[in-house]
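Here is the structure we will look at.
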Amino acid sequence: RAADEAATRAAKRAAVDADIAALVGMEGVKKWFEEMKGKVLYVESSGNPELLMNCCMNMRLTGNPGCGKTTLARLIFKFLRAYDVLKKDTFVEMNALELKAQYVGQTTPKVIGAVRGAMGGVLFLDEAYALAGTDGKSDCFSGEAIRTLLTEVENNRTSVMVILAG
């Protein structure tokens, strides 16, 4: 049984490593993956598990439309899951505007639900810039979503990974 689990883990890691190697360009991204892989392997070989268990890994991905932010977020999740950094196989992908509700008082529960639904895994918010509004003007729902998201991310910084893209 243990040998089967080790073989399965090795196959998942080899698959995600191949996906990373297949990335065109993105040298900075590949370097991040190598550094993270080094930390994981260190922890596995009797290092300090605190390096991975109680660290905040939230991030933002920026770039022009079509440059691969969503693909990269999915690959980051796949990598962290294959290397056992994430506790659960949970990847919640949303457009950031989906956090806003239609009526006052409904946004906060939506945001909290999204964060709680991703606990142990990743919450990926695409088009995150849309919450800021246009021309420096945001509506009360966007402001409530941002405030609630920041509170939830801070309160759960080591329980959920949030990736903002846009």
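The values are calculated or read from the model by the stated rules, or taken from the named source; none is laboratory data. Computed from a prediction, not measured in an experiment: that's the story for all the values here. Counting neighbours? That spans all protein chains shown, and the Cβs are built from the backbone with ideal geometry, glycine included. To get the accessible areas, we keep the full protein, side chains included, count just its heavy atoms, and leave off ligands, DNA and RNA. Shrake-Rupley method; radii C 1.70, N 1.55, O 1.52, S 1.80 Å.
Once the Cα atoms are used to define both axes, helix 69-82 deviates from the longest principal axis of the chain by about 40 degrees.
Once you order the gyration tensor axes a ≥ b ≥ c over the Cα atoms, which shape class does the range 54-143 get: rounded for a/c under 1.5, otherwise prolate or oblate by comparing a/b with b/c? In terms of gyration-tensor shape, oblate. Database remark: amide H of SER159 closer than 5 angstrom to no amide H (H placed geometrically; neighbours at sequence offset of 5 or more, or on other chains; Pro and chain starts carry no H).
The phi-based Karplus calculation (6.51 cos²θ - 1.76 cosθ + 1.60; θ = phi - 60°) puts the 3J(HN,Hα) values of the range 21-35 at 4, 7, 4, 8, x, 6, 4, x, 5, 4, 5, 4, 4, 5, 5 Hz, whole numbers, x for Gly and Pro.
One Cα centroid belongs to the range 59-76, the other to the range 102-125; the line between them spans 21 Å. Expressed per residue, the C-alpha convex hull volume of the range 96-166 stands at 74 Å³.
Charges were assigned to the Cβ only: +1 to each Lys and Arg, -1 to each Asp and Glu. The resulting dipole of the chain about its Cα centre is roughly 180 debye.
What number comes out for accessible area per residue over the chain if the probe is 1.4 Å? Units Å², please. Write out the running numbers ahead of the final one.
Numbers: 9470 Å² over 166 residues.
Heavy-atom accessible area per residue stands at 57 Å².
Near PHE91, the amide H atoms lying under 5 Å from its own belong to VAL122; only residues 5 or more places off or on other chains count, and H is placed 1.01 Å from N. Entry note, the chain: the mean residue ellipticity at 222 nm calculated from DSSP H runs of n ≥ 4, each adding -39500 (n - 2.57), is -16000 deg cm²/dmol after division by the residues and rounding to the nearest 500. Taking the chain as a Gaussian network, where each spring joins two C-alpha atoms under 10 Å apart, which residue of GLU44, GLU152, GLU27 fluctuates the most? Of the options given, GLU27 has the highest mean-square fluctuation. Which percent of the accessible heavy-atom area of the chain goes to carbon and sulfur, probe 1.4 angstrom? Solvent-exposed carbon and sulfur of the chain make up 55 percent of the total. Structure remark: mean-square fluctuation, Gaussian network model of the chain, C-alpha springs under 10 Å; the largest value among THR148, THR90, THR71 belongs to THR71. When the Cα gyration tensor is reduced to axis lengths a ≥ b ≥ c, the ratio a/c is 1.5 or higher for the chain, and with a/b above b/c it is classed as prolate.
In this structure, the pairs whose alpha-carbon distance is over 25 Å, taken from LYS88/LYS110; LYS12/LYS88; LYS30/LYS100; LYS31/LYS100, are LYS30/LYS100; LYS31/LYS100. Per-residue 3J(HN,Hα) values for the range 139-155, derived from phi via the Karplus relation 6.51 cos²θ - 1.76 cosθ + 1.60 with θ = phi - 60°, read 8, 5, 5, 5, x, 5, 5, 5, 4, 5, 4, 4, 5, 5, 5, 5, 6 Hz in sequence order (x marks Gly and Pro).
Between VAL104 and ARG13, the C-beta separation translates, for a Förster distance of 45 Å, into a calculated FRET efficiency of about 0.45. If you sort ASP17, ASP89 by accessible surface, 1.4 Å probe, largest first, the order is ASP89, ASP17.
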